[in-house]
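Please see the structure below; I have some questions.
The values are calculated or read from the model by the stated rules, or taken from the named source; none is laboratory data. Since the model is a prediction, treat every value here as computed from it, not as a measurement. Please note: Cβ atoms are built from the backbone with ideal geometry, for glycine as well, and neighbour counts cover all protein chains shown.
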Amino acid sequence: MFLESPFFTQKQNKMSTTKVLIGFSNYKDTDLDQKAQHILQSLTGNANFPAPTPTLADLQTAITAYSNALAKAVDGSKQDTVLKNQARVTLEELLHNLGMYVQMNSHNDPAIMLSSGFDVSKAPAPIGVLPKPDGFGVTVNESKGCMDVYLNAINGAKSYQYEFTDAPVTATSVWHVQTDTGTYTTIANLQSGKEYAFRVAGVGSDPSRVYSDVITSFVL
């Protein structure tokens, strides 16, 4: 029985995040014409895509019809504009379907995708070590033995690691951890009248932790 290694699976999943961009609604009319021409030239004779679907002949026909309609619409009538818009819809639909073909036949390889003339999505870059939290604060909760802690949201944080220990902090202090996905939480079951130290760190994909400044406060 063949088992995939974690490295292979991770690499495969990473590559699969790249997608062929098949939306063209944001292109200006002339830019769409140029982009379609570029895709046609890139796919012509491209060994990575030997049998495009739709065919390159269909693409050439759609480009020619759109280019002609675009030229007429510049100083033409309202009808010419309508015909240009109809030709654009036809060309966009054909490019959409052709982009799907490229996606299916690129083996999840961004280089092969780009050889088609289509653009591709950017793979998400790892955020790395999260920055030191800011806006961290501690307020006394009305309930006995409870403290409210909060901070400003950190980009890339999946959750927040709230920690507390007896004050004053020493080299041998034991920090108790309470994890929450929110930027505000309540720490309960503290001893009334006792002083505690509090800190927080963002939790992301990187295992490193960068903590806030330590705040001390007495508990009601």
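Is one or more of the residues making up region 148-171 without any contact (Cβ under 8 Å) to a residue 24 or more places away in the chain, more than 12 Å from Ile215 (Cβ to Cβ), more than 35 Å from the chain's Cα centre (by Cα) and assigned to a loop (DSSP other than H, G, I, E, B)?
Yes: one or more hits.
Restricting to region 81-124, what's the tally of residues that are surrounded by fewer than 17 Cβ atoms within 10 Å (Cβ to Cβ), of a type outside the set (A, V, I, L, M, F, W, C) and part of a helix (DSSP H, G or I)?
7
Just checking, which of Lys122, Lys132, Lys84 is of a type in the set (D, E, K, R), closer than 30 Å to Val203 by Cα and at pLDDT 95 or above?
Checking each option against the conditions leaves just Lys132.
Could you list all residues from region 29-46 that are hydrophobic (A, V, I, L, M, F, W, C) and more than 28 Å from the chain's Cα centre (by Cα)?
Answer for region 29-46, where residues must be hydrophobic (A, V, I, L, M, F, W, C) and more than 28 Å from the chain's Cα centre (by Cα): Leu40, Leu43.
Against the conditions (1) within 22 Å of the chain's Cα centre (by Cα); (2) modelled with pLDDT of 95 or more; (3) of a type outside the set (D, E, K, R), where does Leu98 fall short? Just the number, please.
It fails just one condition, (1).
Answer with yes or no whether Thr183 is buried (at least 18 other Cβ atoms within 10 Å of the Cβ) and either free of Cβ contacts under 8 Å to residues at least 12 places away in the same chain or under 30 Å from Thr17 (Cβ atoms) (or both).
yes
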